[in-house]
Amino acid sequence: MRARTTSWAALAVAMLAAVPGTAEAACADPDKALGVSRVIDIDTSGGPIFGSVTKREKEPDFLAPGEVVLTFDDGPVPWVTGPILDTLDAFCTKATFFAVGDMALSYPAMVKEVLARGHTLGTHTWSHPNNLKRLPLDKAKDEIERGFAAVALAAATDIAPFFRFPGLNDSNELLTYLQQRGIASFTVDVISNDSFIGSGQQIAQRTLKLVEAHHGGILLFHDLKRPTAKALPAILAGLKAKGIKVVHLRAKSPMVPLATLDVELQPILAKASSRNVIPFYGPVPPPTTADGADPSVSDLAPPAKTRLTEEAPAEARQASSQPLRRRTPATTARARRQQRRKLEPAPAA
């Protein structure tokens, strides 16, 4: 465990947990409750990859027909992640969030809030390069490691060794590296397309149709997109109406980020205006079934695989031989800030 696990946020939660009568009911609206049908604790030491959208050798499907896993990429941003967390609470269900490191350092309070509400937190690189496998290997590794270090630093506690490749662009070489680091990667089965659809109603209709056609699966959303937050209530209500069950994923052991990166990342965290805002919700709510019972818990420990290193295509080899303009953390952070300004709500008139 890292020293940060004894954070003020964790201490506050522990203190509140000791006060009787502060925990809220399992679900405010039992009729709406989707709940969590079961929990899977994953041993990531073998570096498995889960989900159908990959050309690599993957693990067998761990979901039964009619089961889904809810996942969200690219955040956090308060004005989208916050409403998503509220909706998940309203349906008394849990999800896995794959946060971008630069975003996490910009909104550390929201990172803490994800964990405070009982969800699982993984990572999605430092700056979200869309094709990680085309980067020089040392740069790709740095994106992975810097992402984990940044999210763990923002969380001020342990996070899961769960990773998702941006654009789902994985490679055997990088999967081998993740295996060496004891990290599981997650692709998807159902893509909501919320990055490209501006209508919440259309996102909900598409997602529910694909879930039914695929008989469940790992669902991909983004907590960077406003339409996703608008679509989520209809999606969760639709899952409940169809009898679809939610499975929650947890890691058996926490991620151990590279401590050497903390020195570089601490000054970035210090500039976040919300760094001292600690969400205070009481005890971390555990997953429960729709009727408020404890869900069953099972273990999953896939063995390590031997993966072959792909040879880069000729054009990629040629490109990699050219001098590269070095993208520093400062330049990638600047690009992310520019993107956030476009997304931020306009001031009230």
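Throughout, read-outs are computed from the coordinates displayed, never taken from laboratory work. What you see is a predicted model; the values in this text were computed from it and never measured. Ideal geometry is used to build each Cβ from the backbone, glycine not excepted, and the neighbour counts take in all protein chains shown.
For ILE159, which sequence-distant residues (separation of 5 or more, or a different chain) have an amide H within less than 5 Å of its own amide H, given hydrogens modelled in the peptide plane?
MET255
Rounded to whole Hz and in sequence order, give me ³J(HN,Hα) for region 33-38 from the Karplus expression 6.51 cos²θ - 1.76 cosθ + 1.60, θ = phi - 60°, writing x for Gly and Pro.
For region 33-38, the Karplus-derived couplings read 4, 8, x, 10, 6, 7 Hz, x marking Gly and Pro.
Provide the FRET efficiency to the nearest 0.05 for the VAL53-GLN266 pair, computing r from the beta carbons and using R0 = 30 Å. All intermediate terms of the calculation are to be shown ahead of the outcome.
Details: r = 36 Å, r/R0 = 1.20.
Calculated value: 0.25.
Using mean Cβ contacts within 10 Å as the protection proxy, how do 141-151, 254-264, 297-307 order, highest first? Numbers along the way, then the final one.
Values: 141-151: 24.0, 254-264: 15.4, 297-307: 13.4.
Put in order of decreasing packing, that is 141-151, 254-264, 297-307.
Given axes a ≥ b ≥ c from the Cα gyration tensor, I'd like to know whether region 34-156 is rounded (a/c under 1.5), prolate (a/b larger than b/c) or oblate.
Details: a/c = 2.01, a/b = 1.09, b/c = 1.84.
Oblate, since a/c reaches 1.5 and b/c is not below a/b.
Within region 162-270, which trypsin sites (Lys or Arg not before Pro) sit in a loop by DSSP and count at most 13 neighbouring Cβ atoms inside 10 Å?
Numbers: sites: ARG164, ARG181, ARG206, LYS209, LYS225, LYS230, LYS240, LYS242, LYS245, ARG250, LYS252; in loops: ARG164, ARG181, LYS225, LYS242, LYS252.
Here the sparse-neighbourhood loop sites are LYS242.
Any idea what log10 I(q)/I(0) is at q = 0.23, 0.25 Å⁻¹ for region 127-213, Debye with uniform C-alpha scatterers and no solvent?
After summing over all Cα pairs, the log10 values are -1.08, -1.16.
Taking region 152-290, how much of its Cα-Cα pair set, in percent, is spaced more than 18 angstrom apart?
Details: 6701 of 9591 pairs.
Within region 152-290, distances greater than 18 Å cover 70 percent of Cα pairs.
How are the C-alpha pair distances of region 90-141 spread across 10 Å bins, as whole percents from the shortest bin up?
22, 43, 25, 9, 1
Given H placed 1.01 Å from N in the peptide plane, which residues other than close sequence neighbours of ALA251 have an amide H under 5 Å from its amide H?
Those qualifying (amide H under 5 Å, at least 5 residues apart or on another chain) are ILE42.
For SER253 and ASP299 in the same chain, what is the full-extension length gain: residue separation times 0.36 nm, less their Cα-Cα distance, in nm? If you can, show how the numbers build up before the last one.
Details: separation 46, 0.36 × 46 = 16.56 nm, distance 1.21 nm.
Computed gain between SER253 and ASP299 is 15.4 nm.
How big is the Rg/Rh ratio for region 26-72, C-alpha atoms only, Rh by Kirkwood, two decimals? Could you put the intermediate results ahead of the total?
Numbers: Rg = 14.5 Å, Rh = 13.6 Å.
With Rh from the inverse mean 1/r over Cα pairs, Rg/Rh is 1.07.
Would you grab the residues whose amide H sits under 5 Å from the one on ALA304? Only those 5+ places off in sequence or on another chain, please, with H modelled 1.01 Å from N.
When sequence neighbours closer than 5 places are left aside, there are no close amide H contacts.
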